[in-house]
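The values are calculated or read from the model by the stated rules, or taken from the named source; none is laboratory data. Everything numeric in this text was worked out from a predicted model, so none of it was measured. Ideal geometry is used to build each Cβ from the backbone, glycine not excepted, and the neighbour counts take in all protein chains shown.
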């Protein structure tokens, strides 16, 4: 079988298989197994043989879909940043109210983190294990997501709901709050629901930078977010 390059989730990872659907399916198996093992044992102490065993395939088959173990780590981390890039825009599509749009952006970010909690923690722990070039891939995708958050913040500023603050600082305050749900899950999950965590983050981080106009709208908009999220959940059933 000829050697080809598959572009998956913004990365170039060498594959010996040309069937794109099969590549995606097999890599999903490998990524799921690798995420669990990397989270338990760490990147360096996990072997490809162990990944293959947990994925239910042979080590030789793994090497049909990736070239090396670092390829697997890259794919694991990309599922996180690509999750943000894909799911946050969908979550805020059609929302014109600037404050609700910002709140929903943060809410969607937290929900991706919740779904990919183990991989989110790995992104903090193991990104340094990638080559410089591959770390830049992850960072570039993170910056793309930051732009989505920035646009939502600026929309609130333009509407007079948020003061003219340093946008970069506020972006990372919100991003770190979202990541905190995974990083401190051992503590948080036994004490608050995800909904309450999101509401608390929004209140703690936004009300301090809001204008009087924004503060006046905060509680009603937070209730609208709750109703919006409940409606989405009902639609998913």
Enumeration of residues in segment 109-156 that are buried (at least 20 other Cβ atoms within 10 Å of the Cβ) and not in a helix (DSSP H, G or I): 116
Only listed residue being assigned to a helix (DSSP H, G or I), within 21 Å of residue 40 (Cα to Cα), assigned by TED's automatic domain parsing to the domain that holds residue 22 and without any contact (Cβ under 8 Å) to a residue 60 or more places away in the chain, chosen from 62, 80: 62
Leading residue by the ranking (nearest to residue 183 (Cα to Cα)) among those in segment 15-31 that are surrounded by 17 or more Cβ atoms within 10 Å (Cβ to Cβ) and free of Cβ contacts under 8 Å to residues at least 40 places away in the same chain: 29
Conditions (1) surrounded by fewer than 18 Cβ atoms within 10 Å (Cβ to Cβ); (2) assigned to a helix (DSSP H, G or I); number of the one not met by residue 177: (1)
